[in-house]
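First the structure, in the form of structure tokens, and then the observations on it.
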Amino acid sequence: MKIYTLENKNEILAILTHSDNMSYRDFKNICQEASEGTENDFYSLKDILINDYKFQVVEACGGFEVAKKKGSM
């Protein structure tokens with residue numbers, strides 16, 4: 001399963017998945033097509049992706065930022 005994100009200023013607003021394992025380029029093209037006329041509005045774009053393009057929202061409960069120590073791989 002691939003996941004796709006809708007982001008704003010490096011903040012993840014939505015995590016989506018789709019039954020087709022499309023490439024990033026395909027996802028980007030769909031988003032550009034879907035956002036025409038929405039002024040890139042997050043809620044409109046998300047709604048169009050879910051209802052018209054059959055994306056599904058991935059439920060996530062949160063994340064935790066960790067520091068990578070110097071010299072670690």
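The values are calculated or read from the model by the stated rules, or taken from the named source; none is laboratory data. Predicted, not measured: the structure shown is a model, and the values here were computed from it. Note: ideal-geometry Cβ built from the backbone for every residue, glycine included; neighbour counts use all protein chains shown. SASA here: full protein model, heavy atoms, side chains in, ligands and nucleic acids out. Shrake-Rupley method; radii C 1.70, N 1.55, O 1.52, S 1.80 Å.
In the distance distribution for the chain, Cα-Cα pairs more than 15 Å apart total 60 percent.
Comparing Ser44, His18, Ile3 along the charge dipole axis of the chain, the residue lying farthest to the positive side is Ile3, per the Cβ-charge model.
Surface composition of the chain: carbon and sulfur atoms hold 48% of the protein heavy-atom accessible area at a 1.4 Å probe. Evaluated over the chain, the count of Lys pairs having alpha-carbon atoms less than 23 Å apart is 9 (only pairs 8 or more residues apart or interchain). Compute the helix-to-body angle for 24-35: its Cα long axis versus the longest principal axis of the chain, expressed 0 to 90° and rounded to tens. Roughly 50 degrees, rounded to the nearest 10.
Taking 0.36 nm per residue of separation and subtracting the Cα-Cα distance, full extension of the segment from Asn10 to Arg25 would add 3.5 nm.
Each label was represented as a point 7 Å from its Cα along the Cα-to-Cβ direction; for Glu39 and Lys2 these points are 3.2 nm apart.
Summed over the residues of the chain and divided among them, the accessible surface reaches 85 Å² per residue at a probe radius of 1.4 Å.
Helix 42-51 and the long axis of the chain differ in direction by around 70°, with both axes built from C-alpha atoms. The solvent-accessible area of Leu45, taken with every protein chain present and a 1.4 Å probe, is close to 20 Å². With contacts taken as Cα pairs under 8 Å and at least 6 residues apart, the chain reaches a relative contact order of 29 percent. For Lys2, Lys70, the ranking by accessible surface with the largest value first comes to Lys70, Lys2, using a 1.4 Å probe.
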